[in-house]
Ligand SMILES: [Zn+2]
């Protein structure tokens, strides 16, 4: 048995200079066709029973959509026309409070303002004269122009989380109205009800935080806030799983996995790259997942997962 879990975020036909890198609806359709040549699609409930011991032979694929973006409801319709199931991992605070998660604020900023301007703006708010950029910055961000390299290094390694939040918040307020943008970007409670009725709904945190950086209490608070909102609006007993926000090594730890297991989910999804073998079911709260770009039919053109 092999299990490929593929992750999507933005699905839209607009294109941008940076910040937001969507797959178009026709690319999604083509990728589903490409994947279907190698894999049998499964729903989250089927994966839950496979993890529980209902093992069968074959190559399986679970499509996942993170963040609770409104446009994913149109992707759902496309998938339903093809008879393909999927899982939708929803971040709840933005829907409840009409706010925008920092990660989406930054995407929106970078899709509307050139990186060089952003770098200069940060320079008007903080002293950047003492920032030293590493010798290997070129290889760190291989495909970016120089100003984007500096901006990314600044955001990822120099600014503290609090400084970054403050700067991103200020920049976002310059380019958008938070409540209006939130209402256009995210699903609403009717969408959650629909996903719940299909049994496609999963947890993606309340505030979209890198859980491994929080205290155990913080992890619990964020996860429970998400669960209770999804159960209220999506129906009870329908949460099979969690997808950890960001999903990389800095966002996921054994503690995060253990706490999630304690809530009775069947599995947890990381962004640790790779295909899952039967042995990976021994650690179902650390399942591997690949980005749409690297999966068969993805932008990278990779054939690594064409098994
Ligand atoms: Zn996310």
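Relative contact order for segment 102-175: what percent, with Cα pairs under 8 Å and sequence separation of 6 or more?
Details: 32 pairs, mean separation 41.4, N = 74.
The normalised contact order for segment 102-175 reaches 56 percent.
Expected output is a single nm value to one decimal: the length gained when fully extending between residue 213 and residue 299, i.e. 0.36 nm times separation in residues minus the C-alpha distance. What is it? Write down the numbers at each step before the final one.
Values: separation 86, 0.36 × 86 = 30.96 nm, distance 3.12 nm.
Computed gain between residue 213 and residue 299 is 27.8 nm.
Give the separation of the Cα centroids, segment 22-93 to segment 248-307, in Å.
14
Using 7 Å Cα-to-Cβ label points, what is the residue 188/residue 166 separation (nm, one decimal)?
Calculated label separation equals 3.7 nm.
So for segment 1-122, averaging the separation of alpha carbon pairs under 8 Å that are six or more residues apart and normalising by length, what relative contact order in percent results? Before the final figure, lay out the partial values.
Working: 151 pairs, mean separation 39.8, N = 122.
It comes to 33 percent, rounded to a whole number.
For the pair residue 24/residue 232, report the inter-label distance in nm, with labels modelled 7 Å from Cα in the Cβ direction.
Here the answer is 4.0 nm between the modelled labels.
How big is the antiparallel share of DSSP beta bridges in the chain, given as a percent to the nearest 5?
On the way: 3 of 26 bridges.
Beta bridges within the chain, antiparallel portion: roughly 10 percent.
Among 5, 307, what is the fewest-to-most ranking by other Cβ atoms within 10 Å?
On the way: 5 25, 307 11.
The fewest-first ordering by Cβ neighbours comes to 307, 5.
Using the C-alpha atoms of segment 102-175, what convex hull volume per residue, in cubic angstrom, is computed?
Values: hull volume 6.6 nm³, N = 74.
Here the figure is 90 Å³ per residue.
Order these peptides, 169-177, 131-139, by their mean beta-carbon neighbour count within 10 angstrom, highest first. Walk me through the numbers before you get to the answer.
Numbers: 169-177: 14.7, 131-139: 10.6.
Descending mean neighbour count gives 169-177, 131-139.
For the chain, what relative contact order do you get, as a whole percent, if you take Cα pairs closer than 8 Å and at least 6 residues apart? Before the final figure, lay out each step's value.
Values: 514 pairs, mean separation 69.3, N = 307.
With pairs under 8 Å counted, the relative contact order is 23 percent.
Modelling each spin label as a point 7 Å along the Cα-to-Cβ direction, I'd like the residue 130/residue 15 distance in nm, to one decimal.
4.4
Please report the orientation-averaged projected area of the chain, defined via the convex hull of its C-alpha atoms, in nm². Show your work: numbers first, answer last.
Values: hull surface 63.0 nm².
Computed as one quarter of the Cα hull surface, the answer is 15.8 nm².
Given the Cα-Cα distance of residue 143 and residue 82 and 0.36 nm per residue of separation, how much length would full extension add, in nm? Kindly include the intermediate steps, with their values, before the conclusion.
Working: separation 61, 0.36 × 61 = 21.96 nm, distance 3.53 nm.
Result: 18.4 nm gained on full extension.
Shape call for segment 120-256 from the C-alpha gyration tensor, a ≥ b ≥ c root eigenvalues: rounded (a/c under 1.5), prolate (a/b greater than b/c) or oblate?
Numbers: a/c = 2.43, a/b = 1.81, b/c = 1.34.
Prolate shape, in that a/c is at least 1.5 and a/b is the bigger ratio.
Starting with the highest mean, order 46-54, 185-193 by the number of other Cβ atoms within 10 Å, averaged over the residues of each peptide.
185-193, 46-54
Full extension from residue 121 to residue 97: what is 0.36 nm times the residue separation minus their Cα-Cα distance, to one decimal in nm?
Working: separation 24, 0.36 × 24 = 8.64 nm, distance 2.82 nm.
Length difference between fully extended and current span is 5.8 nm.
No value in this document is a laboratory result; all are computed from the given coordinates. What you are looking at is a predicted structure, and each value in this text was computed from that prediction instead of being measured. With ideal geometry, Cβ positions are generated from the backbone for all residues, glycine too; neighbour counts draw on all protein chains shown.
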